[in-house]
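Undergrad: Have a look at this one.
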Amino acid sequence: MAVTIESLVYLVIVALLWGATNPLIKKGSQGLDSVKAATPWGQFAKEIIFLVTNLKYIIPFLFNQCGSVLYFLALQNADLSLAVPVANSLTFVFTGVTGWILGEEKSHMITYVGMILILAGTTLCCLDKLDAPEETLN
């Protein structure tokens, strides 16, 4: 299956939605540890209520889920051997960058080297699939 630029753009948007929302969801769920109930079912219910009523959690969560819907739609026109690595590997990069912007713990130099390697590998995979000719079944 030939890969189109359009499908690659969708996959990068998916990675951006997933990666950028991960630190925001983490930040929005702060305080969940302080929710207490007497029974396990009560604890579960209180935690769900805490999360659903917390806009700092629910808005990034909804954007994250929009990324999942877009991923599902992008899989219809993308080569699976490219879609999974592109979306998942770039998610790590976007998570790291967003965390850095939000002031989370400072990353080590090796983290930045890893991000560069992820970007280089993803670029090479995309270039390979874009240049690949249509395969025909005999």
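The values are calculated or read from the model by the stated rules, or taken from the named source; none is laboratory data. Everything numeric here is computed off the predicted structure, so don't read it as measured data. Positions of Cβ are generated from backbone atoms using ideal geometry, with glycine treated the same way; all protein chains shown enter the neighbour counts.
Undergrad: Considering only residues that are surrounded by 15 or more Cβ atoms within 10 Å (Cβ to Cβ) and part of a helix (DSSP H, G or I), look in the stretch 67-78 and name the one that is farthest from the chain's Cα centre (by Cα).
TA: Filtering the stretch 67-78 for residues that are surrounded by 15 or more Cβ atoms within 10 Å (Cβ to Cβ) and part of a helix (DSSP H, G or I), the one farthest from the chain's Cα centre (by Cα) comes out as Ala74.
Undergrad: Please verify whether Trp41 is among the aromatic types (Phe, Trp, Tyr) and either on the phi > 0 side of the Ramachandran plot or surrounded by 14 or more Cβ atoms within 10 Å (Cβ to Cβ) (or both), treating the condition exactly as stated.
TA: The answer is no for Trp41.
Undergrad: Still on this structure: I'd like to know if the stretch 41-59 contains one or more residues that are of a type in the set (Asp, Glu), at pLDDT 90 or above and within 20 Å of Leu24 (Cα to Cα).
TA: yes
Undergrad: Name the residue, out of Lys36, Lys56, that is basic (Lys, Arg) and in a loop (DSSP other than H, G, I, E, B).
TA: Answer to the selection: Lys36.
Undergrad: Among the β-branched types (Val, Ile, Thr), surrounded by 13 or more Cβ atoms within 10 Å (Cβ to Cβ) and assigned to a helix (DSSP H, G or I): does that describe Ile48?
TA: no
Undergrad: Hey, another quick one. Among the residues of the stretch 1-38 satisfying the criterion of being β-branched (Val, Ile, Thr) and over 16 Å from the mean Cα position of the chain (by Cα), which is surrounded by the most Cβ atoms within 10 Å (Cβ to Cβ)?
TA: Val3
Undergrad: When you go through Leu90, Leu130 one by one, which is the residue that is surrounded by 13 or more Cβ atoms within 10 Å (Cβ to Cβ), closer than 30 Å to Ile5 by Cβ, modelled with pLDDT of 90 or more and not hydroxyl-bearing (Ser, Thr, Tyr)?
TA: Leu90
Undergrad: Among the numbered conditions (1) aliphatic (A, V, I, L, M); (2) touching a helix residue (DSSP H, G or I) at 6+ places or on another chain (Cβ under 7 Å); (3) under 30 Å from Leu130 (Cα atoms), tell me where Leu102 comes up short.
TA: Only one criterion in (1) aliphatic (A, V, I, L, M); (2) touching a helix residue (DSSP H, G or I) at 6+ places or on another chain (Cβ under 7 Å); (3) under 30 Å from Leu130 (Cα atoms) is unmet by Leu102, namely (3).
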